[in-house]
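The values are calculated or read from the model by the stated rules, or taken from the named source; none is laboratory data. All figures in this text were calculated on a predicted structure; none of them were measured in a lab. So basically every Cβ, Gly included, is an ideal-geometry build from the backbone, and we count neighbours across all protein chains shown.
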Amino acid sequence: MVAAGPAVMQPVSTALPVELEASVSSAMSEAQMVSFLRRCLLDSSLAVPLRWRAIFSLRNYKGDDARQALVDAMSDESNLLAHEAAFALGQMQDAEAIAALRNTLRSVNEFHSIVRHEAAEALGAIGKPECLELLQEALVNDPAPEVRETCELALHRIHQVEAEDLEESPFRSVDPVIAASSSSSVAEMRKVLLDEKEKMHLRYEALFGLRNRGGPEAVAAIVETLHCESALLKHEVAYVLGQLQDKDSTEALVTTLKDAMEHPMVRHEAAEALGSIADERSVELLKSFRSDAEPIVAQSCEVALHMLELEQQGKSFEVGCTNPECGGVDHSSSCVLVW
């Protein structure tokens, strides 16, 4: 059964309101930029894709104000935005966010499982030993299997961080595990990844090892995993396919998005991956699912369509500027900000 939306649907406006557009200056200081992004993120009247872009931009800034904006967003009524805010806090690896992430993970009745999952992953990304006790507690007590599996991965990552020197991800992301060794063959990693009896952290290591390897054989092995049992693993597979941006994975991601019986976290990642791949064949499908019964999926399709629009315009998904010397942070009169 396919939960398709109506044939005709008006797109959500992704233009900034006049008052916000007027507040953007080419000479904004870092503090002013963070304040502007916070205002966009926490304004529930704005379209989800605009608020999503604010999250992606805020994670490039350090300090109390950027962190607090993301912490506040974890309580947003949009579970999609709330979970992405938790993800951003993990990518920032800001230890000052631990208390808020701990509260989110513990509050089973207040936060959707997708938000708690991301809070657990963020605690693993931050990698502090003080997170171990809470993660062990949630590993046993959380009612959602995707959260328990995430806690297992986060615990493993913290122990890995303590024991090993970490190499920076070639995709500039803080991954939930250390990727399998580059000396491992595609066949070896594929075998581990597809083994339903294998420990989850080993399957994740194989997944990220295949991502780092790249190429048709690696992509094919990753795509096969969209048929596995674990929703957590499948959602990570879709995320990785979005990172790889390989058009050969489009058909499998389309099938995943169409499957109304699939876990929403998997379908949501499939939608965003299609946006990252920027294949024109996906546009009509994403439009049709903007009215999906599951809000996380519907909003993900809006985000994906906006990503495609920006790709066509040659713009970054993050708010930035045209001056390469400022690094996107130290804006001056020579900067032209791009939204």
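Brief remarks follow.
- Each residue in region 236-263 was checked for being touching a residue at least 60 places away in the same chain (Cβ under 8 Å) and more than 21 Å from residue 281 (Cα to Cα), and 3 of them qualify.
- Hits in region 163-193 - residues which are of a type in the set (A, V, I, L, M) and outside any loop (DSSP other than H, G, I, E, B): 163, 186, 187, 189, 192, 193
- Cross-chain or 6+ apart pairs with Cβ under 8 Å, region 44-59 first and without any contact (Cβ under 8 Å) to a residue 40 or more places away in the chain, then acidic (Asp, Glu) and part of a helix (DSSP H, G or I): 55/84
- Cross-chain or 6+ apart pairs with Cβ under 6 Å, region 168-183 first and on the phi < 0 side of the Ramachandran plot, then in a loop (DSSP other than H, G, I, E, B) and not small (Gly, Ala, Ser): 169/175
- Region 222-259, residues that are small (Gly, Ala, Ser) and surrounded by fewer than 23 Cβ atoms within 10 Å (Cβ to Cβ): 230, 231, 242, 252
- Residue 266 being touching a helix residue (DSSP H, G or I) at 6+ places or on another chain (Cβ under 8 Å), in a helix (DSSP H, G or I), touching a residue at least 24 places away in the same chain (Cβ under 8 Å) and surrounded by fewer than 23 Cβ atoms within 10 Å (Cβ to Cβ): no
- Residue-level analysis places residue 106 among those that are more than 16 Å from residue 233 (Cα to Cα), touching a helix residue (DSSP H, G or I) at 6+ places or on another chain (Cβ under 8 Å) and surrounded by 15 or more Cβ atoms within 10 Å (Cβ to Cβ).
- Matching residues, region 180-190, being in contact with a Lys or Arg (Cβ under 8 Å, 6 or more places away or on another chain) and at pLDDT below 95: 182
- Of the set (1) within 25 Å of residue 171 (Cα to Cα); (2) in contact (Cβ under 8 Å) with a residue 60 or more places away in the chain, all apply to residue 301 but (2).
- Among the residues making up region 126-137, those that are buried (at least 18 other Cβ atoms within 10 Å of the Cβ), under 25 Å from residue 179 (Cβ atoms) and not β-branched (Val, Ile, Thr) are 127, 131, 135.
- Any hit, region 299-309, residues being of a type outside the set (Gly, Ala, Ser), in contact with a Ser or Thr (Cβ under 9 Å, 6 or more places away or on another chain) and under 18 Å from residue 117 (Cβ atoms): yes
- All conditions in (1) in contact with a Cys (Cβ under 8 Å, 6 or more places away or on another chain); (2) crowded, with 23+ Cβ neighbours inside 10 Å hold for residue 98, with the sole exception of (2).
- Residue satisfying all of: in region 111-162; over 24 Å from residue 268 (Cα atoms) and not in a helix (DSSP H, G or I); farthest from the chain's Cα centre (by Cα) among these: 128
- Residue in region 238-247 that is among the hydroxyl-bearing types (Ser, Thr, Tyr), farther than 19 Å from residue 147 by Cβ and assigned to a helix (DSSP H, G or I) present: no
- Only one of the numbered conditions (1) under 19 Å from residue 276 (Cα atoms); (2) free of Cβ contacts under 8 Å to residues at least 12 places away in the same chain is violated by residue 197, and that is (1).
- Lone qualifier among 257, 207, 274, 285 - being of a type in the set (A, V, I, L, M, F, W, C), closer than 30 Å to residue 181 by Cβ and in contact with a helix residue (DSSP H, G or I) (Cβ under 9 Å, 6 or more places away or on another chain): 207
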